[in-house]
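Colleague: I'd like to ask you about the structure that follows.
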Amino acid sequence: MKKTEKQTPLRVIAAASAIPDYPPAAVKSLMAGLGLNEKAFALLMNVSPVTVRMWTTGAAKPCGLSRRLMQIFETCPEVIAGLTAGEDSRCR
């Protein structure tokens, strides 16, 4: 009999799909979908507004970690509500 493996956070992350690319149009679309301007999106992403502007104009590409954060915010926008509500936003 085969043992059923427990779905640990590490296994879930390892099974996640590849990180998508976020070209300028995708960054702009994500910002619009979240209702954020460049400055607010920069604060959320922990980068400077200049960096966000470079992403939206195509002068620079988001790094892997930034793309992963964008993927999380795109697929689970409710995560942002926990960050902005002033509540304890630790994972439960």
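The values are calculated or read from the model by the stated rules, or taken from the named source; none is laboratory data. Treat the numbers as computed from the prediction; the structure is a model and nothing was measured. Cβ sites come from the backbone with ideal geometry, for glycine too, and all protein chains shown count toward neighbours.
Colleague: Looking only at the stretch 1-36, filter to residues that are modelled with pLDDT of 75 or more and β-branched (Val, Ile, Thr); which one of those is surrounded by the fewest Cβ atoms within 10 Å (Cβ to Cβ)?
Modeller: Per the stated criteria, the residue is Thr8.
Colleague: For Ile19, work out the one condition from (1) assigned to a helix (DSSP H, G or I); (2) touching a Lys or Arg at 6+ places or on another chain (Cβ under 7 Å) it doesn't fulfil.
Modeller: (1)
Colleague: Quick one: in the stretch 57-92, which of the residues that are assigned to a loop (DSSP other than H, G, I, E, B) and either of a type in the set (A, V, I, L, M) or in contact with a Ser or Thr (Cβ under 7 Å, 6 or more places away or on another chain) (or both) is modelled with the lowest pLDDT?
Modeller: The residue in question is Ala85.
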